[in-house]
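First up is the structure itself, then whatever we jot down about it.
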Amino acid sequence: MKIKTIFVVFNLLLLASFAVVFFMPLFILGRGQILDFWGRNLFLVLAFLLVFVAFNLFFLSRWRLHSLLEAEDWRGIRDYLEGRLQRGGGLSSLRLRILINTYFILADMEGLARLEALLRERGSRRHAAFGLELGLPYLMRNDPAGEAHFAELARSPGLRKKDWVLWSLAFCRASRRDMAGAGEVLQKLAPSATDPIVASLALFLLDGLPGSENAELVREGRKKLRAGRSAGDWDRLIEKSKENLEVLVLIKLVRRAAAWLYADAAAVPGGVKG
């Protein structure tokens, strides 16, 4: 349904509801009593006006963005939200998420880097709240420089999606061949991750590291993840998890880890190599 249609329909419903409430006393009390009734219940009229004005202000303040979303004008969405930021305004969590998603849709990693730098400069709490999404380009480029980003993020209190952040930190360390540093994170993460996708990725990377203790963790971890799940179940889990941006961006690696999980270990080796 188009945004204009929704706007008109909601206003008509509000007006119709008020008309019913306003004229009902006329049929119950008669003309002689209606003025006296509304004189004693003026707060009902004021409450309706408050709701009516608040709804319209709320809707109109979001009209531009909703119209752009409806038209799937991603460049227009980017320009509109960037303009609000450049004018010194802030963005709600929802609008910030829309802007980040738009950067990925447009493959505008430079824009995403500018946003990350701006939020960091402003000391915004949302830099930590959206730190995982802002750091995804490091993983896409296999950029070891992402280690500093994810290491700082991992120390943030009340961290959202901590398992993903820790895995990203380990991935960056493995990318720069710091296998000991990567193993230190993965050995703790693999058995404790609550997200099975993260657990599979952690085990997949850990399988590429030397050490008998790693081999034992991988063996037990694979057994645990496969318990009660077929390969088809895992494919469905991946499809369901695509609503998460990190899964969508790293889908090739996620599928490689899935193939490794259900294949013979010798046939499909894990790790970041290859």
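Read-outs throughout are calculated quantities, based only on the coordinates presented, and are distinct from any laboratory measurement. All figures in this text were calculated on a predicted structure; none of them were measured in a lab. Note that we place each Cβ from the backbone using ideal geometry, even for glycine, and neighbour counts take in every protein chain shown.
Along the range 232-246 the Karplus relation, 6.51 cos²θ - 1.76 cosθ + 1.60 evaluated at θ = phi - 60°, assigns HN-Hα couplings of x, 4, 5, 4, 5, 5, 5, 4, 5, 7, 5, 5, 8, 4, 5 Hz to successive residues, with x for each Gly and Pro. A simple spin-label model places pseudo-atoms 7 Å from Cα toward Cβ; at SER17 and GLU184 they are separated by 5.8 nm. Fully extending the segment from SER230 to ASP108, taken as 0.36 nm per residue of separation minus the present Cα-Cα distance, adds 40.2 nm.
Which pairs in the list LYS224/LYS252; LYS161/LYS224; LYS161/LYS240; LYS162/LYS224; LYS188/LYS242; LYS161/LYS242 are over 19 Å apart, alpha-carbon to alpha-carbon? Exceeds cut-off: LYS224/LYS252; LYS161/LYS224; LYS162/LYS224; LYS188/LYS242.
As a rough footprinting exposure proxy, the listed residues VAL249, VAL51 were ranked by other beta carbons within 10 Å of their own, and the order from fewest upward is VAL51, VAL249.
When peptides 53-60, 137-144, 81-88 are sorted by average Cβ neighbour count within 10 Å, with the highest value leading, the order is 137-144, 81-88, 53-60. Remark: C-alpha extents of the range 130-274 on the principal axes read 36, 34, 28 Å, sorted largest to smallest. Spin-label pair LEU57-ALA148: with each label point 7 Å from Cα along the Cα-Cβ axis, the two points sit 4.5 nm from one another. With a cut-off of 9 Å between beta carbons, the residues surrounding ALA128 carry a summed charge of +2, where Lys and Arg count +1 and Asp and Glu -1. Shown is the FRET efficiency for ASP79 and ASN41, computed with R0 = 51 Å from the Cβ-Cβ distance and rounded to the nearest 0.05: 0.55. The mean of 1/r over all distinct Cα pairs in the chain, once inverted, gives the Kirkwood hydrodynamic radius of 22.5 Å.
Here the label points at PHE10 and ALA215, each 7 Å from Cα along the C-beta direction, are separated by 6.2 nm in the simple model.
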